[in-house]
């Protein structure tokens, strides 16, 4: 970013140098058209250009350390007035020396001293105004970049916070289930501990990544379901219907697990029989569409204590990443609960 700003400043200096050279070339031909001698006209134009460039460089250095709130200030006017006067005096004295034999040129210097001063004043005023604009834009760009970086860091911190909050409820339930199985079904308890260990290890690994492929997320989801099946046995089934071309689709890391966990919680709530969680995955027009549906007992949910935190967390995560609020929708009937998740594919 800083290198880009410096490059723009360097290019601007080169552009101004070329522009000033063209102006003084026109000034040279103007002198020649008024029958000023070649030596006097060339020397006057060249040295005038030299001193303008010298003071242009000085003004540029001043603006790199000082920047006023206004483009036109007392400091600017005073500096421009002094610099334009010095350039006029330098070229006037030098012109009297090198053009002492050219009476027409000496008359030109005497009669147009204040005109030359005024023209140089306007020229330096234009330069200072442009330098002020460049400095102002640079400060705005840096301030905007700092703001974007701050927002990025805040978003990352919130993402990490959300990620850490996804798992505790599930982890506590798993540990309670393991505790209940230790005496009555030690083999199942051991299997659940091993699955939980693999699950947590992959959670930590995937938590370091912003995005994962759909295939990796499905593998992670199957590992999560292996733990839940130890808890609920044959009561819980997962069916996944997926288009073949969706394998490499990208989606935010660990975004499916809380949605499936939500489906299990509300699917089993008030239901003593077996339930099936269905995932329908399609890729259409650069959108990865995922439908997660589960049986739903509206009366049991009304009387339950669910907060819907998992859905809110996923919705917030999508909002942080994609800056959109229309990527997660919910549809309820008296017997079915469906979550529609849409992931843009760049």
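Readers should treat all values here as calculations from the given coordinates under stated rules, not as data from a laboratory. Everything numeric in this text was worked out from a predicted model, so none of it was measured. Backbone-built Cβ (ideal geometry, glycine too); neighbour counts: all protein chains shown.
Using the 10 angstrom Cβ neighbour count as an exposure proxy, how do 97, 117 rank, fewest first?
Numbers: 97 9, 117 17.
Ordered by Cβ neighbours within 10 Å, fewest first: 97, 117.
Report the paramagnetic label zone for residue 106: residues of the range 13-44 whose backbone N is under 15 Å from a point 7 Å from Cα along the Cα-to-Cβ axis.
Output list for this probe position: 37, 40.
Quick one: order 224, 141 by neighbouring beta-carbon count within 10 Å, fewest to most. Display every interim value, and only then the final one.
On the way: 224 24, 141 14.
Fewest to most other Cβ atoms nearby, the residues stand as 141, 224.
What is the distance in Å between the Cα centroid of the range 73-149 and that of the range 195-273?
70
Does the range 167-344 come out rounded, prolate or oblate, given a ≥ b ≥ c as the square roots of the eigenvalues of its C-alpha gyration tensor, rounded meaning a/c under 1.5 and, failing that, prolate meaning a/b above b/c?
On the way: a/c = 1.76, a/b = 1.27, b/c = 1.38.
It comes out oblate by the Cα gyration axes.
By counting other Cβ atoms within 10 Å of each Cβ, how are 79, 91, 126 ranked from fewest to most? Write down the numbers at each step before the final one.
Working: 79 18, 91 24, 126 13.
Fewest-to-most ranking of 79, 91, 126: 126, 79, 91.
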